[in-house]
Amino acid sequence: MSYEKRVAVLKQINKGFSADGGALSGAVYLERFGRELTVKVQAAGLAALKEGRYALVLSVGNTNFCLALGRGEALKIADAPSIKEGFSVLIAFVKDEAQAVAFGRCGSSTTSEKELLSVLGSSEKKNNEAPSVPFPAVPPEEFPPIAPNVPRSPAYPLPDLPPKEEPEDRAPFREGAVAYDDEAIAESDYFRERIQEGDRNEDTAGKGEEKGRKKTGGSDLKKDDNAVNPFLRTKGKLTYYKKVREELERAFRKFPKDTRLLKVFPRSEWVKTDGALLGVVYENGLPRYLCVAAEKNGDPPEEMKERCTFVPESPFSDERGFYIVFQDADTGAYVNVSQN
């Protein structure tokens, strides 16, 4: 029997389907032994779904295949054409409509992602239009007439239904996270102040000059904490992040994105407010630090001077960079890098 093997590198088409917010990457491996084709998909960081599903569309020669994409298991096609000339493959998200996630091809295959998406749409439409099989009619239940002078069997009362239990309140957070736990929060909340201050500046634009920025003072770190590495994650409950999450998401929808610090923190996201950047640095797909950054223009701003650290844009020069304040996503405590 003949043996063939080909591989195609996947390229992200649409954002929003990676677990850590970064670019999606991976590859699709095809092995054909005889007429049987084995498909193996390796997509690093593909996010889990709460609704909808992932589908894989494969084009080999003039034949198209639509397959359900599981969690890492190999897919089998019993009778497939030769893959010697290459193939095209598309990973799509299917809910109400199919949406392209990642695409790849190899060899001399010329099928595009739009063509594969159209094949998937036609397949979904055909499945939805398939006629349903009616259930057979159930004949009416008939009982024989009661004979004369024969008493009926005694009737027993049905038991009362148990009382309906009210559903428990659930924490409005991603699956697997711990519910809100009232732990110690930093007394001076610089990150939340920057979010609220950005909202006020945006709402009052054109009505007068800004009255001033709120200054924070004092350190929330105890003296005995100086010997503890501030980057060690000891809690992991995201208590502080859950407290400011609604305000943070509102700010990220309201203000424009800024990508200058992605070179330093690849697993992060930033928006530019009035006079500063707001950001979230992720670790293993979860928020690790909430940050406020000001672009270097001489000395750091007065309200950031006691807690900020300077982060250069390039490792070869300190001329350009940002003064950044880090707050722990678990406790809200400030991370004073200069003390460690």
Here is a list: LYS5, LYS84. Which entry is within 25 Å of SER112 (Cβ to Cβ), in a loop (DSSP other than H, G, I, E, B) and out of contact with any helix residue (DSSP H, G or I) (no Cβ under 9 Å at 6 or more places or on another chain)?
LYS84
Flag if TYR54 is outside any loop (DSSP other than H, G, I, E, B), under 19 Å from VAL101 (Cα atoms) and in contact (Cβ under 8 Å) with a residue 40 or more places away in the chain
yes
Among LYS254, LYS263, the single one that is at pLDDT 90 or above, charged (D, E, K, R), closer than 30 Å to ALA47 by Cα and over 18 Å from the mean Cα position of the chain (by Cα) is LYS254
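For segment 1-21: of the residues being of a type outside the set (A, V, I, L, M, F, W, C) and surrounded by 18 or more Cβ atoms within 10 Å (Cβ to Cβ), which is modelled with the highest pLDDT? Before the answer, list the steps.
The first filter runs over segment 1-21 and keeps only residues of a type outside the set (A, V, I, L, M, F, W, C), leaving 2-6, 11-12, 14-16, 18, 20-21.
Still in the running and surrounded by 18 or more Cβ atoms within 10 Å (Cβ to Cβ): 6, 12, 18.
Working: ARG6: 92, GLN12: 88, SER18: 80.
Per the criteria, the residue is ARG6.
Give me the residue from segment 299-331 that is small (Gly, Ala, Ser) and either open to solvent by less than 30 Å² (accessible area, probe 1.4 Å) or touching a Leu at 6+ places or on another chain (Cβ under 6 Å) (or both) and, out of that set, farthest from LYS243 (Cα to Cα). Steps first, please.
Keep residues of segment 299-331 that are small (Gly, Ala, Ser), which gives 314, 317, 321, 329.
Still in the running and either open to solvent by less than 30 Å² (accessible area, probe 1.4 Å) or touching a Leu at 6+ places or on another chain (Cβ under 6 Å) (or both): 321, 329.
Numbers: GLY321: 30, ALA329: 10 Å.
Of everything passing the filter in segment 299-331, GLY321 is farthest from LYS243 (Cα to Cα).
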Hey, among LYS40, LYS76, LYS84, which residue is farther than 16 Å from ALA8 by Cα, basic (Lys, Arg) and open to solvent by 40 Å² or more (accessible area, probe 1.4 Å)?
LYS76
Determine whether segment 41-59 contains at least one residue that is modelled with pLDDT under 90, hydroxyl-bearing (Ser, Thr, Tyr) and either in contact with a Leu (Cβ under 6 Å, 6 or more places away or on another chain) or farther than 30 Å from VAL280 by Cβ (or both).
yes
Flag for LEU46 being open to solvent by less than 60 Å² (accessible area, probe 1.4 Å), closer than 19 Å to ALA100 by Cα, of a type in the set (A, V, I, L, M, F, W, C) and out of contact with any strand residue (DSSP E or B) (no Cβ under 6 Å at 6 or more places or on another chain)
yes
Yes or no: GLY26 assigned to a strand (DSSP E or B) and open to solvent by less than 30 Å² (accessible area, probe 1.4 Å)?
yes
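The values are calculated or read from the model by the stated rules, or taken from the named source; none is laboratory data. Just so it is clear, the model here is predicted, and its values are computed rather than measured. Glycine gets a Cβ as well: all are built from the backbone with ideal geometry, and neighbour counts include every protein chain shown. Side chains are part of the model used for accessible areas, which takes the heavy atoms of the whole protein and leaves out ligands, DNA and RNA. Shrake-Rupley method; radii C 1.70, N 1.55, O 1.52, S 1.80 Å.
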